[in-house]
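Have a look at the structure below before the remarks.
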Amino acid sequence: MVARERYDVVIIGGGVSGLFLSRLIAEKGYSVAVVEMKPMNKIGEKICGDAVSRKYFAKLGLKEPMGNEVENVVKKVRIYSPSEKAVLTVKGEGFELNRKTFGQRLLKEALESGAIVLDNSYLKKAIIRNDVVTEVTIHDGNRGKDVVLEGRVFVDASGVSGALRTKLPNHWWISEKINASETAVAYREIRVLSKDIEDYDALRIYLSQKITPGGYWWFFPKGPRKVNIGLGVQGGRGLNPIRIFYEYIVPRKVLKESKIVSYGSGVVPTRKPLKTLAFSNVLVIGDAAFTANPIHGGGIGPSLTSAWAAFKAIVNALELGMVSTETLWIVNKLYIEAYGAKQGSLDFLRIFLQHLSDNDLNYLIEKKVISDDEFLEISTTGDLRLSLVEKMLKAIKFIRRTSLLFKLRILADYMKKAKQHYMAYPNSPEGLPKWESKLLKLYRGFESKLSIT
Ligand SMILES: Cc1cc2nc3c(=O)[nH]c(=O)nc-3n(C[C@H](O)[C@H](O)[C@H](O)COP(=O)(O)OP(=O)(O)OC[C@H]3O[C@@H](n4cnc5c(N)ncnc54)[C@H](O)[C@@H]3O)c2cc1C
């Protein structure tokens with residue numbers, strides 16, 4: 001006989017988003033189970049750059065990382081031009097996390113609030129009756145057998161693999177496939193260096209189409225001598241990040257006589273959010289819903305934000321006693337207002353940057369066409385204001401770069417349109433097809449104006 005259990009909410013994946021959501025739901029007195037592949041003592045381990053901005057925590061009512069969850073307190077980010085002759089400095093506080101300890105804290109908080117965590121377990125299949133997921137079968141490694149979990153709401157928080165949503169019918173809007181070109185394939189190492197790092201409160205990002213096509217490489221200090229160093233390149237180009245890392249990054253002087261503490265590869269979605277985070281009685285959050293930042297792949301804060309939005313929607317539906325696309329729909333507005341509109345706008349910037357040459361990137365950073373403050377504004381709001389570009393377009397001495405400046409103006413225009421379009425997200429599901437077709441039209445218009453194929 002297959003064992004059966006019943007919960008109000010079943011969450012697939014015990015990463016940051018799944019654990020945070022499970023805690024919020026359990027605190028409201030609902031029964032919730034998290035299905036996680038890893039054993040308890042490995043929960044939290046994840047190949048990551050480990051950087052997170054401070055601003056998310058107060059907003060989400062989540063205790064800031066502290067003690068041994070924090071390896072380094074960050075004060076700024078430096079973005080280097082491909083020539084490395086110029087740098088943009090973006091001020092902002094954040095943390096270099098000990099990812100595992102941070103995950104273990106989220107786990108502890110989930111367990112203490114009453115969530116059940118089924119570790120060593122993975123999703124096998126989902127059963128759908130009358131267009132509703134009624135149960136999932138998991139293999140529970142601890143019990144050595146399959147277990148059926150019935151639920152009122154199911155959540156896919158399984159990361160980029162989208163373990164649950166990819167098992168759902170194609171006509172369910174949340175089963176949308178991701179293109180490889182909308183991902184970054186990455187490799188990173190944690191190393192102890194032989195010399196102290198100068199200004200180790202600064203994260204460094206190096207742009208270079210030559211070394212990291214469609215991506216960047218990073219140097220994130222974890223302390224005076226410890227660093228998280230890695231790179232991501234655009235997916236779908238057949239590039240091997242490990243080979244690139246050993247060819248271009250490892251020979252750098254700073255890594256001479258350094259020792260590897262940890263290494264590994266991963267994939268991160270870098271695109272617009274999934275068109276809806278809810279369908280029927282299923283929600284999708286975190287990397288499974290492509291919530292990471294399209295420009296730099298930072299996904300911890302956005303995935304926690306989507307978990308918070310899902311929590312509000314689930315409680316709304318359970319309190320109404322009716323779980324449906326309609327009653328869960330509020331998740332979209334909440335996520336879009338908190339982060340998704342900015343993400344949608346930044347996706348246009350991502351496409352723009354991925355088509356720029358190293359010469360153009362050098363020019364933009366060296367000539368301060370976009371200033372440090374403007375860069376900070378884009379990264380916090382998704383708005384691109386181009387006061388200097390307008391001035392430059394009028395100034396004859398910069399005439400050689402007018403085509404780039406005109407393209408920047410097109411970019412600013414489309415980023416604004418995209419943000420406005422997200423803010424006009426439909427209040428109910430019927431409006432989604434029309435809204436989506438208008439969004440896709442914006443992309444086509446943008447790509448044709450910039451002659452991107
Ligand atoms: C190389 C790299 C560097 C990054 N650097 C940063 C950074 O510096 N800052 C930042 O903010 N973000 C960074 N990110 C992104 C960030 O790690 C993710 O956005 C974030 O972890 C997403 O959280 P999540 O909860 O959605 O998914 P995950 O953290 O991926 O968690 C998903 C969980 O689901 C489990 N799971 C998967 N499939 C199943 C299944 N079938 N059954 C049961 N369990 C399953 C997994 O074991 C995992 O624990 C980076 C990502 C990569 C790959």
message: Quick check: Cα centre of the stretch 52-119 to Cα centre of the stretch 228-273, how many Å?
response: 20 Å
statement: The answer for the per residue Cα convex hull volume of the chain, in Å³, is 141 Å³
- request: First measure r as the distance between the Cβ atoms of residue 265 and residue 322, then evaluate 1/(1 + (r/R0)^6) with R0 = 41 Å and state the FRET efficiency to the nearest 0.05.
  value: 0.45
message: Let me check the size of the stretch 137-249 from its C-alpha atoms; what are the radius of gyration and Dmax in Å?
response: 20.0, 56
task: Compare the peptides 70-80, 254-264, 326-336 by average per-residue count of other Cβ atoms within 10 angstrom and give them in order, highest first.
output: 326-336, 70-80, 254-264
statement: The FRET efficiency for residue 371 and residue 438, from their Cβ-Cβ distance with R0 = 30 Å and rounded to 0.05, is 0.40
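Quickly rank 272-284, 432-444 as a protection proxy: mean count of other C-beta atoms within 10 Å, highest first.
On the way: 272-284: 26.3, 432-444: 13.0.
Descending packing order for the listed peptides: 272-284, 432-444.
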- prompt: Roughly how many debye, to the nearest 20, is the charge dipole of the stretch 197-338 about its Cα centre, given +1 on each Lys and Arg Cβ, -1 on each Asp and Glu Cβ, and no other charges?
  reply: 620 debye
task: Sort the following peptides by mean Cβ neighbour count (other Cβ atoms within 10 Å, averaged over residues), highest first: 2-9, 108-115.
output: 108-115, 2-9
message: Helix-only estimate, please: 222 nm mean residue ellipticity of the chain, summing -39500 (n - 2.57) across DSSP H runs of length 4 or more and dividing by its residues, to the nearest 500.
response: -10000 deg cm²/dmol
- request: Just name one of 10, 57, 25: the one whose Cα is farthest towards the positive end of the charge dipole of the stretch 4-81 (beta-carbon charges, Lys/Arg +1, Asp/Glu -1).
  value: 57
task: Report the one residue of 316, 336, 235 whose Cα lies farthest in the direction of the positive end of the charge dipole of the chain (charges on C-beta: Lys and Arg +1, Asp and Glu -1; origin at the Cα centre).
output: 235
- prompt: When only C-alpha pairs under 8 Å and at least 6 residues apart count, what is the relative contact order of the stretch 4-66, in percent?
  reply: 30 percent
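So, with +1 on the Cβ of K and R and -1 on the Cβ of D and E, and no other charges, what is the size of the charge dipole of the chain about its Cα centre, to the nearest 20 debye? If you can, show how the numbers build up before the last one.
Numbers: 68 positive and 48 negative charges, 266 e Å.
The dipole magnitude comes to about 1280 debye.
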field: Filtered GluC sites (Glu not before Pro), the stretch 176-231: DSSP coil and at most 11 other beta carbons within 10 Å
entry: 198
- prompt: Between the stretch 138-193 and the stretch 319-347, how many Å separate their Cα centres?
  reply: 20 Å
query: If you put +1 on each Lys and Arg Cβ and -1 on each Asp and Glu Cβ, how big is the dipole of the stretch 406-453 around its Cα centre, in Debye rounded to 20?
result: 240 debye
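Can you name the helices of the chain, as whole DSSP H runs, whose Cα span along the helix axis is 24 Å or more and whose Kyte-Doolittle mean is not below 0.0?
Both cut-offs are met by 300-320.
FYI, it's all coordinate maths here, none of it is from the lab. Just so it is clear, the structure is predicted and the values come from calculations on it, not from any experiment. Neighbour counts are summed over all protein chains in view; Cβ atoms, including those assigned to glycine, are modelled from backbone coordinates with ideal geometry.
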